[in-house]
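S.K.: The structure that follows is given in the form of structure tokens.
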Amino acid sequence: QVQLVESGGGLVQAGGSLRLSCAASGRTNSAYSMGWFRQAPGKERDFVVAINWNGLNTYYVDSVKGRFTISRQGTKNTMYLQMNSLKPEDTAVYYCAAKYGIRVWHERNDYDYWGQGTQVTVSS
């Protein structure tokens, strides 16, 4: 089992930046992939980006390509999401997720473990 805790959310103006962190604990000595999802009020939880077990493969949704960057620090079992050029439509609760395995996963039901979420609000 992997426990996940997100941090780094907040309120920023359009065009600003935030860096989200997701710290993993528990059984982290086995290979696992991680990802970020987001959910706006009244909407489904949507995939944003994922990274595989060794950090070499990533997969981004088109709307964040060129603006968001995912990275993984294996030594400290931490995943980061650097968000630049933020837009109001990026406003959502952001969740990190994990799944044991060596590849990237891009569907909600692929993931077994979830963090509590962190609020990101982008004002105009």
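S.K.: What is the distance, in nm, between label points placed 7 Å from the Cα along the Cα-to-Cβ direction at Glu89 and at Ser30?
M.R.: So the label points at Glu89 and Ser30 sit 3.9 nm apart.
S.K.: Take the solvent-accessible surface of the protein heavy atoms, probe 1.4 Å, and return the percent of it on the chain that carbon and sulfur atoms account for.
M.R.: Heavy-atom surface of the chain belonging to carbon and sulfur, 1.4 Å probe: 46 percent.
S.K.: With each pseudo-label sitting 7 Å past Cα toward Cβ, what's the Gln1-Asp110 distance in nm, one decimal?
M.R.: Using points 7 Å along Cα→Cβ, the separation is 2.5 nm.
S.K.: Check the straight Cα-Cα distances from Lys99 and name the aspartates and glutamates below 12 Å, setting aside those fewer than 8 residues away within the same chain.
M.R.: Glu107, Asp110, Asp112
S.K.: Another one. Among all the aspartates and glutamates, which ones have a C-alpha under 14 Å from Lys43's C-alpha, if same-chain residues fewer than 8 places away are not counted?
M.R.: Filter leaves Glu89, Asp90.
S.K.: Can you give the accessible area per residue of the chain, in Å², using a 1.4 Å probe?
M.R.: On the way: 6370 Å² over 124 residues.
Using a 1.4 Å probe on heavy atoms only, each residue of the chain averages 51 Å².
S.K.: Ordering Asp110, Asp90, Asp46, Asp62 by accessible area with a probe of 1.4 Å, largest first, what comes out?
M.R.: Values: Asp110 35, Asp90 0, Asp46 80, Asp62 115 Å².
Highest to lowest solvent-accessible surface, that is Asp62, Asp46, Asp110, Asp90.
S.K.: Also, quick follow-up: Roughly how many nanometres apart are two label points built 7 Å out from the Cα toward the Cβ at Ser123 and Asn54?
M.R.: Taking the two extended label points, one gets 4.6 nm.
S.K.: In terms of solvent-accessible area of protein heavy atoms at a 1.4 angstrom probe, what is the ranking of Arg19, Arg72, Arg67, highest value first?
M.R.: Numbers: Arg19 130, Arg72 55, Arg67 30 Å².
Solvent-accessible surface, decreasing: Arg19, Arg72, Arg67.
The values are calculated or read from the model by the stated rules, or taken from the named source; none is laboratory data. Only a predicted model underlies this, so the values are computations on that prediction, with no experimental measurement involved. Don't worry about glycine lacking a Cβ; one is built from the backbone with ideal geometry, like all the others, and counts go over all protein chains shown. These area figures cover heavy atoms from the full protein model, side chains too; ligands, DNA and RNA do not enter into them. Shrake-Rupley method; radii C 1.70, N 1.55, O 1.52, S 1.80 Å.
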